[in-house]
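Reviewing the structure listed below.
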Amino acid sequence: EKITNKIAAGEVIERPASVVKELVENSIDADAKAITIEIKNAGKTYIRITDDGIGIYRDDIELAFERHATSKISSDRDIYNLNSLGFRGEALASIASVSNVEIITKTKDDEFGIRAEFRNGKIVYKNEVGCPVGTTIIIKDLFYNTPVRYKFLKSDATETNYISILVNKLALSHPEISFRYIINNKNIFTTPGNKDIYSAILSIYDKEIAKNLIEIYNKKDDVKLRGYISNINYSRGNRQMQSIFVNGRYIKSKIITKAIDEAYKTLLPLNKYPACFLYLDINPNMIDVNIHPAKTEIRFHNEEFIKNFISNTIKEKLLNTNL
Ligand code: ADP
Ligand code: MG
């Protein structure tokens with residue numbers, strides 16, 4: 001099977017949150033230590049991502065906006081590597097075909113940066129500019145030329161919420177990166193970027209959560225679990241406060257949510273969900289990653305083991321904590 005077939009599902013930019021996801025993942029891949037995400041009008045009119053990563057060489061800018069122009073895929077195996085976020089080489093091309101794009105970028109080897117503009121996927125402006133090392137990409141008027149897709153967008157509140165959920169998860173999956181999130185000129189949060197999960201959680205969520213979190217840690221064979229769970233005084237009516245990261249990447253897993261439910265089942269009513277920030281490190285040979293670009297679902301080879309390991313770790317901690 002060829003790499004191109006596996007990734008043929010194609011990049012579809014469905015909504016503002018998809019743009020944010022692709023651009024932030026590029027910033028992470030570029031070794032950024034600080035990433036700013038700014039949106040206006042739910043990202044429909046304005047999305048800005050600024051990073052202090054490695055930047056793009058001036059001669060590579062047009063190339064970066066061409067389809068399948070990835071600089072990242074080196075072997076078939078990379079597709080399965082959870083740590084390589086970008087592997088399709090289509091995001092910038094797709095985004096530029098449905099919006100107006102401005103990019104400002106500079107590498108450490110260049111004295112000046114470059115500012116460029118794209119319309120309908122084609123470069124229409126390119127010139128030198130003074131700027132720090134890193135990349136800023138501004139997306140304006142998403143779907144201005146694809147009215148059908150624009151019409152499918154939900155209300156500003158809903159689209160903003162999609163972006164916020166995503167930004168929270170990205171910030172939590174990279175506590176070593178400082179994330180700053182701005183909505184309509186208002187600062188929402190800045191994480192410290194100091195590697196500490198706890199301080200990242202505190203800067204993202206309400207202060208109430210601080211006194212209700214319990215740290216957990218356990219290790220068995222090739223599997224390591226760390227993170228924070230909430231005591232029974234803190235819960236929600238949905239799972240939005242439950243985040244699961246496997247090998248540093250945010251994922252969804254029915255097995256793991258089952259494990260959480262199981263651990264709390266005698267402590268919380270059925271419709272109440274505790275906050276859980278679980279970080280699982282596992283040998284990549286023990287998981288299958290669904291390689292469809294839009295999906296974040298993974299499968300564990302030994303589901304029972306994973307479920308029991310997580311459930312028992314949480315249960316034991318809850319038993320030994322003064323709730
Ligand atoms: P992919 O991430 O799959 O390689 P993209 O279309 O998302 O494809 O990006 C194309 C290329 O542009 C990347 O491979 C990378 O070389 C470059 N690039 C994109 N964003 C950034 C960034 N923020 N910093 C540095 N390089 C970037
Ligand atoms: Mg990418």
Going Cα to Cα from Lys219, which lysines come in below 19 Å? Please leave out same-chain ones fewer than 8 positions away. Lys307, Lys315, Lys317
Run through all the Cα pairs of the chain and give the fraction in each 20 Å bin from 0, expressed as whole percent. 30, 56, 14, 0
List, in the order given, every pair from Lys21/Lys44; Lys220/Lys252; Lys207/Lys254; Lys40/Lys108 whose Cα-Cα distance in the structure shown is over 24 Å. Lys207/Lys254; Lys40/Lys108
Normalised radius of gyration for the range 148-232, please: alpha carbon Rg relative to 2.2 N^0.38 Å, two decimal places. 1.35
Using the Karplus equation 6.51 cos²θ - 1.76 cosθ + 1.60 (θ = phi - 60°), what ³J(HN,Hα) coupling, rounded to whole Hz, does each residue of the range 112-126 give in order, writing x for Gly and Pro? 10, x, 10, 10, 9, 10, 10, 10, 6, x, 10, 6, 10, 7, 7
Please list, in order along the range 154-162, the HN-Hα scalar couplings obtained from phi with the Karplus expression 6.51 cos²θ - 1.76 cosθ + 1.60 (θ = phi - 60°), rounded to whole Hz, x for Gly and Pro. 8, 4, 4, 4, 5, 5, 5, 4, 4
So what's the back-of-envelope 222 nm ellipticity for the chain, counting only DSSP H runs of four-plus at -39500 (n - 2.57) apiece and dividing by all residues, rounded to 500? -8000 deg cm²/dmol
Say we join alpha carbon atoms closer than 10 Å with springs in a Gaussian network model of the chain; which of Gly248, Gly121, Gly130 then has the biggest fluctuation? Gly130
Show me, bin by bin at 10 Å from 0, the whole-percent P(r) of the range 208-319 based on Cα pairs. 14, 50, 29, 7
3J(HN,Hα) from dihedral phi, the range 195-201, Karplus parametrisation 6.51/-1.76/1.60, rounded to Hz, x for glycine, proline: 6, 8, 4, 4, 6, 5, 4
Quote the FRET efficiency, to the nearest 0.05, computed for Tyr144 versus Asp281 with a Förster distance R0 of 56 Å and r equal to the Cβ-Cβ distance. 0.85
Straight-line reach check, Lys106, cutoff 16 Å on alpha carbons, 8 or more apart in-chain or any other chain, hits among lysines -> Lys33, Lys126
Mean-position separation - Cα centroids, the range 37-67 and the range 145-223, in angstrom: 20 Å
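Bear in mind these aren't lab numbers, they're just calculated from the coordinates by the rules spelled out. Note that the structure is a prediction, hence the values are computed from the model and not measured. Using ideal geometry, Cβ is built from the backbone for each residue, glycine included, and neighbour counts are taken over all protein chains shown.
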